[in-house]
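Worksheet for the structure shown next.
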Amino acid sequence: MNKSADSEITLKGINASPGICIGRAYLVDREGVEVINKYCILEKHIKSEVKRFKTAVQNARTELQAVIENSPQALQKAQILETHVLLLNDKLLYGRTIETIEKERVNAEWALKTVVTQIKAAFEEMTDVYLRERVSDIVHVSDLVMRNLVGAEVKDLGKIDKRVILVARDISPADTSQINLERIQGVVTDLGGKTSHTGIIARALEIPAVVGLEVATRRINNDDLLIVDGTTGTVIIQPSENTLVEYEDRKIHYERRQAVITRESRLETKTSDGHLYRVMGNIELPEEVVAVINYGGDGIGLYRTEFQYLNRPGFPSENELLESYKDVIEVMAPRPVIIRTLDINGDKALATSTTPAEDNPALGLRAIRYCLKHPEVFRTQLRAILRAAAFGDVRILIPMVSTYFEICEAKRLLDDTAKTLKKDRLPHKRGIPLGAMIEVPSAVVIADLIADEVDFFSIGTNDLIQYALAIDRGNRLVSHLYQPLDPAILRMIKRTADVARDKGIKVHMCGEMANSPLYTPLLLGMGLEDLSMNPQAIPAVKRMIRSISLSDARTITQDVFACKTAKQTFEILREAYGDLVENHLIEE
Ligand code: PEP
Ligand code: MG
């Protein structure tokens with residue numbers, strides 16, 4: 001936090017949704033019901049206490065249903081609120097609260113509070129950031145029930161009647177959907193990370209958001225003038241005249257540039273010496289497809305399919321999966337859609353699981369390891385993918401491959417699945433391209449063996465950096481060491497691309513490293529073909545590709561390989577290509 005002479009305050013948080021907005025703060029009081037007292041219930045009153053809890057849940061459900069009906073299309077599609085409706089009846093929350101009332105003979109409020117505290121503790125141990133952040137769903141849902149139990153008044157965000165920037169500890173999807181979006185310029189929260197709902201929703205609605213600021217609600221007062229820069233993760237409170245002028249200029253510049261590069265983004269992406277590239281989008285929710293198309297994406301390079309498995313009792317059915325894949329494929333056709341199979345640690349995928357928690361889930365039964373251990377879950381997804389493949393250009397990507405055996409087993413199951421579909425006489429497509437994520441160091445080492453079994457590689461730098469440099473990707477304390485340009489990482493990427501070229505298969509990148517236009521020349525120079533990234537990053541990367549020649553990029557890449565540190569490489573790239581990149585897109 002910086003404080004300048006004229007008392008403007010700068011806070012740094014996580015850049016959850018890009019863009020700049022300038023406006024007045026509107027503080028949302030969403031602390032939940034804070035003081036809960038415990039009292040004992042007589043045996044004869046237990047039934048009515050349970051009934052009181054059930055009624056509160058029922059009322060919460062009615063409230064949520066009303067919110068769903070009145071919420072904008074983009075949010076309805078996100079199905080976050082439907083997930084919350086399901087969570088209301090989840091065994092973990094609903095069942096355990098009733099059990100606690102009955103066994104411990106305590107009031108419903110206390111039972112609910114105890115159960116939520118236990119669930120929160122279990123989630124906080126998870127190393128997977130995405131899953132850890134899903135605890136907020138439980139908190140939002142229980143907060144809703146608690147308010148109904150104690151009869152607390154819910155502030156109606158729908159009543160906001162001026163253009164404001166929302167400032168809150170956290171914003172639940174239910175809150176967001178009540179808001180009149182035309183009135184909201186931006187969002188600022190204390191909690192949350194890039195994959196929190198606030199981030200996902202703000203990106204879907206294309207409003208700037210900075211999250212994870214920790215102290216925003218303490219430092220910002222209602223009606224304070226704010227500048228929110230969602231691209232760099234900066235919030236400036238009560239800016240000085242100079243800062244205001246500077247950011248007004250930046251905002252105009254940003255919006256003009258976005259408009260131009262987004263228009264250009266539909267053009268072919270060829271380097272000045274004639275090499276054609278495909279720049280695609282990463283999505284987590286089916287409705288993000290719209291953003292990929294708007295930003296000129298040439299396909300979906302990574303469809304993360306975990307979202308449909310989270311916070312629900314049981315697994316999604318084959319038909320449910322088929323429908324959501326079909327939605328994406330039909331909208332994107334004839335462009336390719338790469339569907340990644342479930343990348344999750346099953347224990348955490350199912351809130352109701354009884355399997356003991358793992359001490360180190362990042363190194364545990366995750367992704368393909370989980371799928372091979374639970375072939376019935378894997379088969380259902382594979383059946384849905386092969387059936388969806390009948391509707392467009394679909395490819396399959398296997399995450400977290402760390403051994404040769406895993407890819408062979410995945411292929412065997414894929415073959416078996418195709419046979420069962422044939423037997424069931426269901427329309428589907430066989431022999432669709434199969435890829436392996438290269439995101440574990442062992443996969444880089446045996447890339448030659450894996451290449452013999454697949455049609456393409458997709459490099460996942462988010463995990464590759466985590467595992468190669470031994471840096472927990474969700475741990476702020478070591479985030480300064482998380483360096484995509486580290487020579488170890490660059491050598492791994494280069495080896496993977498070299499093997500792919502020698503073996504005649506394609507090599508893509510879908511990790512966050514692909515988002516940064518300053519790195520694009522280096523990636524092309526190392527031999528990467530298709531790139532996939534956050535939809536909003538597509539136009540700037542496409543523009544970079546069109547501005548450079550592959551032969552220059554190869555020369556620079558040779559210079560980079562003589563560097564011993566990430567910093568030296570960064571300087572070479574900045575020197576060569578910095579002028580082609582907007583300042584705020586250059587991150588050291
Ligand atoms: C990666 O690891 O780089 C990747 C793209 O996958 P995820 O971020 O979903 O783990
Ligand atoms: Mg990964």
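The values are calculated or read from the model by the stated rules, or taken from the named source; none is laboratory data. All values reported here derive from a predicted model rather than from experimental measurement. Ideal geometry is used to build each Cβ from the backbone, glycine not excepted, and the neighbour counts take in all protein chains shown. Ligands, DNA and RNA are excluded from the accessible area calculation, which covers all protein heavy atoms including side chains. Shrake-Rupley method; radii C 1.70, N 1.55, O 1.52, S 1.80 Å.
Summing Lys, Arg as +1 and Asp, Glu as -1, what charge do residues with Cβ under 12 Å from the Cβ of LYS422 carry, LYS422 excluded?
Net charge in that neighbourhood comes out at +4.
Near LYS162, which lysines are there with a Cα under 30 Å away, not counting those fewer than 8 places off in the same chain?
Hits, sequence-local ones excluded: LYS3, LYS12, LYS77, LYS194, LYS251.
Taking the Cβ of VAL164 as the center, what net charge do the other residues with Cβ under 10 Å away carry, scoring Lys and Arg +1 and Asp and Glu -1?
+2
What percent do you get for the relative contact order of segment 377-504 when only Cα pairs under 8 Å and 6+ apart count?
23 percent
Quote the Stokes-Einstein diffusion coefficient, in whole µm² s⁻¹, for segment 237-279, based on the Kirkwood radius over alpha carbon pairs, a temperature of 37 °C and a viscosity of 0.692 mPa s.
In µm²/s, the coefficient rounds to 254.
What fraction of the DSSP beta bridges in the chain is antiparallel, stated in percent and rounded to the nearest 5?
35 percent
Could you give the size of the charge dipole of segment 184-305 about its Cα centre, using +1 on the Cβ of each K and R and -1 on the Cβ of each D and E, expressed in debye and rounded to the nearest 20?
With Lys and Arg at +1 and Asp and Glu at -1, about 320 debye.
Please state the shape class of the chain: rounded when a/c is under 1.5, otherwise prolate if a/b exceeds b/c and oblate if not, all from the C-alpha gyration tensor.
Cα axes put the chain in the oblate bin.
Which aspartates and glutamates have a Cα less than 15 Å from the Cα of LYS506, not counting those fewer than 8 places away in the same chain?
Answer for LYS506, where 15 Å is the Cα cut-off: ASP448, ASP452, GLU453, ASP455, ASP498, GLU529, ASP530, listed by chain and number.
Using amide H atoms built in the peptide plane, which far-off residues or other-chain residues are under 5 Å from ILE459 H to H?
The list, which skips near neighbours in sequence, is ILE438, HIS508, MET509, CYS510.
Number of Lys pairs in segment 309-464 with C-alpha atoms less than 22 angstrom apart, excluding same-chain neighbours closer than eight positions?
Taking the Cα cut-off of 22 Å, the pair count is 12.
Shape of segment 232-319 from its Cα gyration tensor (a ≥ b ≥ c, root eigenvalues): rounded if a/c is under 1.5, otherwise prolate when a/b > b/c, or oblate?
It is oblate, given that a/c is not under 1.5 and a/b is not larger than b/c.
For segment 543-548, in order, what is each residue's ³J(HN,Hα) by Karplus, 6.51 cos²θ - 1.76 cosθ + 1.60 with θ = phi - 60°, in whole Hz (x at glycine and Pro)?
Residue by residue, segment 543-548 yields 4, 4, 4, 6, 8, 10 Hz.
Cα extents of segment 272-342 along the three principal axes, largest first, in whole Å?
Its Cα atoms span 53, 18, 17 Å along the three principal axes.
Tell me the per residue accessible area of the chain using a 1.4 Å probe; a whole number in Å² is fine.
43 Å²
Using only the Cα atoms of segment 480-585, build the gyration tensor, take square roots of its eigenvalues as a ≥ b ≥ c, and label the shape rounded, prolate or oblate: rounded if a/c is under 1.5, else prolate if a/b is larger than b/c, else oblate.
The shape class here is rounded.
Given bins 5 angstrom wide, list per bin the percent of all Cα-Cα distances in segment 303-457, short to long.
P(r) over segment 303-457, rounded to whole percents: 2, 9, 19, 22, 20, 16, 9, 3, 0.
Let me check against my output: what whole-number percent is the relative contact order of the chain, with C-alpha pairs under 8 Å and at least 6 apart?
It comes to 14 percent, rounded to a whole number.
Pairs of alpha-carbon atoms within less than 8 angstrom and 6+ residues apart define the contacts here; what relative contact order does segment 433-510 have, in percent?
RCO, segment 433-510: 38 percent.
To make sure I understand the rule: partners must be lysines, Cα under 24 Å from the Cα of LYS54, and not fewer than 8 residues away in the same chain. Which ones qualify?
LYS38, LYS44, LYS91, LYS103, LYS113, LYS120, LYS155
Within the accessible area of the chain, what % is carbon and sulfur when the probe is 1.4 Å and the other protein chains stay in place?
So the carbon and sulfur contribution to the accessible surface is 50 percent.
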